[in-house]
1. Give the residue that is nearest to A76 (Cα to Cα), with candidates limited to residues of the range 125-144 that are touching a strand residue (DSSP E or B) at 6+ places or on another chain (Cβ under 7 Å) and crowded, with 19+ Cβ neighbours inside 10 Å.
2. Taking the condition of being small (G, A, S) and free of Cβ contacts under 8 Å to residues at least 40 places away in the same chain, how many residues in the range 69-89 meet it?
3. Give just the number: which of (1) farther than 22 Å from R179 by Cβ; (2) in contact with an Asp or Glu (Cβ under 9 Å, 6 or more places away or on another chain); (3) modelled with pLDDT under 95 does A73 not satisfy?
4. Only one residue in F79, F69 is more than 25 Å from the chain's Cα centre (by Cα), crowded, with 16+ Cβ neighbours inside 10 Å and of a type in the set (F, W, Y). Which one?
5. For the range 37-57, give me the residue count where each residue is among the hydrophobic types (A, V, I, L, M, F, W, C) and surrounded by 20 or more Cβ atoms within 10 Å (Cβ to Cβ).
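The values are calculated or read from the model by the stated rules, or taken from the named source; none is laboratory data. Worth saying up front: this structure is predicted, and the values here are computed from it rather than measured. As a convention, Cβ positions derive from the backbone with ideal geometry for all residues, glycine included, and neighbour counts pool all protein chains shown.
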Amino acid sequence: MEAKVSEGGLNVTLTIRLLMHGKEVGSIIGKKGETVKKMREESGARINISEGNCPERIVTITGPTDAIFKAFAMIAYKFEEDIINSMSNSTATSKPPVTLRLVVPASQCGSLIGKGGSKIKEIRESTGAQVQVAGDMLPNSTERAVTISGTPDAIIQCVKQICVVMLESPPKGATIPYRPKPASAPVIFAGGQVRADPLGASTANLSLLLQHQPLPAYSIQGQYAIPHPDQLTKLHQLAMQQTPFTPLGQTTPAFPGMDASSQASTHELTIPNDAA
């Protein structure tokens, strides 16, 4: 099977999607885009990087299989170079493996895993790379992340075998591609001011909650501020108590220093009688 791939026997056009963090994308792009330009020219593959201010980006590699393998080799060796450079400034003695994350339609993951995990075990043993298929689909998509780690050579051999599986078992049905969301983390300032509204409640009620309750009302988990469960209950209670308008037909409640007789009912309107 490998021989057929290397001889161009499966030299068909294929698209592979990679999920990368911002730092990894920066390494691939290079100074003034020089690195990605070189990769495109030398591999013959089309390499596109998704736009947007996102913590994660999608890198799409399209072309004949031999061009895709060349592009993957260049990416894997670039990442290894980054690891070696980072180690020169650290006390670490063992070199961590190169890691790439593929984004694969969930309908193809069964073929990649194989019956009883036989296929993924075969790929691991024959290439020396570690391969993990995520159990859950990526948010708002029908795709899963497949993480490959090992030496650049092991990763290249692993990608070749994964491409063979994907060609033999095309996706079933429509695929909803994963699109990373922009970073929009709520910001919490000193004094408890919340400058985002993850619950859909009014800012006034959030402020009121924070006046009544000592911080922290929120904990940071990943990109988001997550309310503590007991604070969530109190927030809903306070939201119910703060009614911004008096219901129609009820009199406005008395305020200190005013007697109730001097207040008008909310449904009474004075209309000038121009006809008189």
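1. Step by step, filter the range 125-144, then rank; the result is A129.
2. Of the residues in the range 69-89, 3 are small (G, A, S) and free of Cβ contacts under 8 Å to residues at least 40 places away in the same chain.
3. For A73, the failing item is (3).
4. Being more than 25 Å from the chain's Cα centre (by Cα), crowded, with 16+ Cβ neighbours inside 10 Å and of a type in the set (F, W, Y) holds for just one of F79, F69, which is F69.
5. Of the residues in the range 37-57, 3 are among the hydrophobic types (A, V, I, L, M, F, W, C) and surrounded by 20 or more Cβ atoms within 10 Å (Cβ to Cβ).
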